[in-house]
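Okay, structure first, notes after.
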Amino acid sequence: MRNPQDDAELNPPVRFHRVEKRHAAFSSYCRHMRRRDLSPRTIETYADCLHTFANWLDTHRDGNPLSATFNDLEAFRLWLVTEHDRKVSVGRQSTYVAVLRAFYRYLHAEMLVLTDPAKALQYPRLEKRIHRDILTAAELRDVMSRPADTPRGLRDRVTLRLFALSGPRARELTMVDVEDVFLKDREMLVRKGKGSRQRIAFFDRDTQSYLARYLASARPRLARNDERALLVDNKGKRATSAFLRDIVKYYGRRIRRNITPHSFRRTFCTLMLRAGANLKVIAELAGHELLSTTARYTKVDISELSAIYQAAHPRASR
């Protein structure tokens, strides 16, 4: 079984505990988040936003989130972009709105407030950006060929190939155990995806071959005897998300690219789309609950959109 104290990522952030102590409403919502089994990063984001909101309530209102009105929430949002110590980007403003809406939706469902003051909060308009960290097929082949033919190098190669060709999130890959990999079928069970959703991820024949070698010869030399995780760190324990991100960044620098595991996810989704897969299939493979999320992952540049249009539309060439 996984030993939680071996992985600091599982421990709620300090601000999570501080928020719990601010008001009974915050405490109730924090217990609700724990029951939902959210990812550590999501909990950290919610805790950070609610902690800032609680501080603002103490300074500008009576400190009671149950008495906050829509106008109060709008005033808080204005404060974020005009008077907050740190510059709050449009994307971060959207995160604050999402957290406040979720928080007050919960309070309203639990009948702790008569009306939901955050229901009418509008998200700021996000600029449409093209992701610049999507790799080409040639870059993928290059970065996956970089690890050396050593036990650690084989582990790194398997890590890069699973990120690139199966599309898991970093935390999802850390939670894959040896028994979750089915070499014969070239399948990997992702037991605890985002929102505790379970799915099957696939890999190709080359990855199957590298995985077989890793499991037979490299992993036994790297892992502790009682460790069940597929990927282990240099101490033989279950690899953390931070450890896997460092692997990706290291080999990304070798090809002069600043990439993360998320870069591989965007690349995975984009290349699947270009190969002809529809959004529903890609969403299922990537573990996206909403098609809109998948659509954001598969942005292509204007020149490529033009080329696709010219090739696909029956009247484009006339």
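Among the residues of region 140-159, is there at least one that is at pLDDT below 95, of a type outside the set (Gly, Ala, Ser) and surrounded by 17 or more Cβ atoms within 10 Å (Cβ to Cβ)? Yes, region 140-159 contains a residue that is at pLDDT below 95, of a type outside the set (Gly, Ala, Ser) and surrounded by 17 or more Cβ atoms within 10 Å (Cβ to Cβ).
Would it be correct to say that Pro124 is touching a residue at least 60 places away in the same chain (Cβ under 8 Å) and under 30 Å from Ala170 (Cβ atoms)? No. Kindly indicate whether Leu189 is in a strand (DSSP E or B) and modelled with pLDDT under 95. For Leu189, the condition - in a strand (DSSP E or B) and modelled with pLDDT under 95 - is met. Residues in region 59-73 that are loosely packed, with under 15 Cβ neighbours inside 10 Å, assigned to a helix (DSSP H, G or I) and in contact (Cβ under 8 Å) with a residue 24 or more places away in the chain: Leu66 alone. Picking from residues in region 240-279 that are in contact (Cβ under 8 Å) with a residue 24 or more places away in the chain and polar (S, T, N, Q), the one that is surrounded by the fewest Cβ atoms within 10 Å (Cβ to Cβ) is Asn258. Regarding Lys235, is this residue in a loop (DSSP other than H, G, I, E, B) and either surrounded by fewer than 21 Cβ atoms within 10 Å (Cβ to Cβ) or without any contact (Cβ under 8 Å) to a residue 12 or more places away in the chain (or both)? Taking the combined requirement at face value, the residue satisfies it.
Just one of (1) at pLDDT 95 or above; (2) exposed (fewer than 13 other Cβ atoms within 10 Å of the Cβ); (3) outside any loop (DSSP other than H, G, I, E, B) fails for Leu211. It is (2).
Of all residues in region 5-15, none are at pLDDT below 90, within 30 Å of Asn225 (Cβ to Cβ), of a type in the set (Lys, Arg) and surrounded by 13 or more Cβ atoms within 10 Å (Cβ to Cβ). What are the residues in region 238-268 that are under 18 Å from Arg141 (Cβ atoms) and among the small types (Gly, Ala, Ser), if any? If the condition is that a residue be under 18 Å from Arg141 (Cβ atoms) and among the small types (Gly, Ala, Ser), then Gly252, Ser263 are the ones that fit. Residues of region 253-268 that are assigned to a helix (DSSP H, G or I) and closer than 16 Å to Ala148 by Cβ: Arg253, Arg254. Evaluating Tyr104 against the criteria (1) assigned to a helix (DSSP H, G or I); (2) within 16 Å of Phe26 (Cβ to Cβ); (3) in contact (Cβ under 8 Å) with a residue 40 or more places away in the chain leaves one unmet condition, (3).
Residue count for region 92-118, restricted to those that are of a type outside the set (A, V, I, L, M, F, W, C) and exposed (fewer than 12 other Cβ atoms within 10 Å of the Cβ): 1.
The values are calculated or read from the model by the stated rules, or taken from the named source; none is laboratory data. Being a predicted model, the structure only gives us computed values, none of them experimental. Cβ: placed from backbone, ideal geometry, glycine included. Neighbour counts: every protein chain shown.
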